[in-house]
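These notes concern the structure reproduced below.
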Amino acid sequence: MHHRTHSTAHGSGCSGLERAGDLLRLQHPQLVISKRKLRQADAIQIVRQKRENDAQNLGFSSRPFVLCGLPVKRPPAGCLLHERRNGRFVLQVTGHPSYGLPWGQDRLVPIFMATMAVRQQSARITFNSAAEMLDTFGIQQGGSQYRRLVASFQRIFGATIFFGTDTQRDHAAVVHCARFNFMTEARIWYSRDLEQALLPGDCQNVIVLSEEFYREISNHPIPTDLEAAKALSASPAALDLFTWLSYRCFTARGRERVPHFGEFGLVSQLGSADYARPRKFREKLEGW
């Protein structure tokens, strides 16, 4: 992986984004509302407007990480195995000893890769720069954010994924599983000059997905709203819940009830930590 940094920054904005925040200030002048909450209100307004106008920015998620989420919080030091189970589906992620397990906002990288792979219909995806990825998820551009993105790519690149199913047919176990990496190659550079699309010599930003990961995305692309992902990018657990809901709505054939606990329970599917008390999980779910 190659990196390149520059010292100037670009901001991004839209005149229509200010209305929700202004409305909050006008209607509740007595409240002290953080800038983050105001930005979140603006983002939610954009999501709803685009949904009403049938103008959603469609992205895609990959099935293993919708059915069974990545860790939400940083794993303990030395922990290199993450496992989640969703009924007959099981996900195991093994982290690289030098970089550790993917966690938190690292889950944005597979969404970006799946979206670009579906749009370009290729395992070899190209894009302008790392700044484009940051902008896709509404992350402010800067050196610290770029370094965080590089670390995310290192954890994702180094991870080995096991994803499989096990079912019972006439008392005989049927097992289907695959072990794969996300990528076989990644070359990414960063410029805060959005007008500079390529490095000198037409050096492109390239990610080559592994054959197994690309096949999984191609066979099971799961639609998601990129504007909603942008609004929830700083809240990994809420983003997990949103992508899971998008998937269940996409596949549902009628009204469905999903238990919180048990073999097919929601608590086993999200990338959240284990909860000793059901009440604690319900409180968290309410917040998400």
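The values are calculated or read from the model by the stated rules, or taken from the named source; none is laboratory data. These numbers come from a predicted model, not from an experiment. Methodologically, a virtual Cβ is constructed for each residue, glycine included, from the backbone with ideal geometry; neighbour enumeration extends over all protein chains shown.
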Residues of segment 147-159 being in contact with a His (Cβ under 8 Å, 6 or more places away or on another chain) and either at pLDDT below 90 or loosely packed, with under 15 Cβ neighbours inside 10 Å (or both), which ones? Val150
Could you check Leu80 against (1) of a type in the set (A, V, I, L, M, F, W, C); (2) surrounded by 19 or more Cβ atoms within 10 Å (Cβ to Cβ); (3) within 22 Å of Thr184 (Cβ to Cβ) and say which number it fails? (2)
Residues (of a type in the set (Asp, Glu) and without any contact (Cβ under 8 Å) to a residue 12 or more places away in the chain) located in segment 64-114: Glu83
Pairs only if they're at least six apart or on different chains, beta carbon under 9 angstrom, first in segment 160-189 and modelled with pLDDT under 65 and exposed (fewer than 14 other Cβ atoms within 10 Å of the Cβ), second small (Gly, Ala, Ser) and in a strand (DSSP E or B); list them, first residue then second. Thr167/Ala173; Val175/Gly164; His176/Gly164
Can you tell me which residue is surrounded by the fewest Cβ atoms within 10 Å (Cβ to Cβ) among those in segment 91-102 that are under 19 Å from the mean Cα position of the chain (by Cα) and of a type outside the set (Ser, Thr, Tyr)? Gln92
Selection status of Ile33, of a type in the set (Val, Ile, Thr), outside any loop (DSSP other than H, G, I, E, B) and at pLDDT 70 or above: no
Odd one out for Arg119, checked against (1) touching a strand residue (DSSP E or B) at 6+ places or on another chain (Cβ under 6 Å); (2) under 25 Å from Asn219 (Cα atoms): (1)
Against the condition under 21 Å from Val206 (Cα atoms), part of a loop (DSSP other than H, G, I, E, B) and in contact with a helix residue (DSSP H, G or I) (Cβ under 6 Å, 6 or more places away or on another chain), how does Gln141 come out, does it pass? yes
Residues of segment 67-98 being hydroxyl-bearing (Ser, Thr, Tyr) and in contact with a Phe, Trp or Tyr (Cβ under 8 Å, 6 or more places away or on another chain), which ones? Thr94
Single residue of segment 230-288 satisfying the filter (of a type in the set (Ser, Thr, Tyr) and under 16 Å from Val72 (Cβ atoms)) that is surrounded by the most Cβ atoms within 10 Å (Cβ to Cβ): Thr243
Can you name every one of the helices (runs of 4 or more DSSP H) wholly within segment 190-288 that holds 2 or more residues which are under 19 Å from the mean Cα position of the chain (by Cα), under 13 Å from Val66 (Cβ atoms) and modelled with pLDDT of 90 or more? 211-219, 236-251
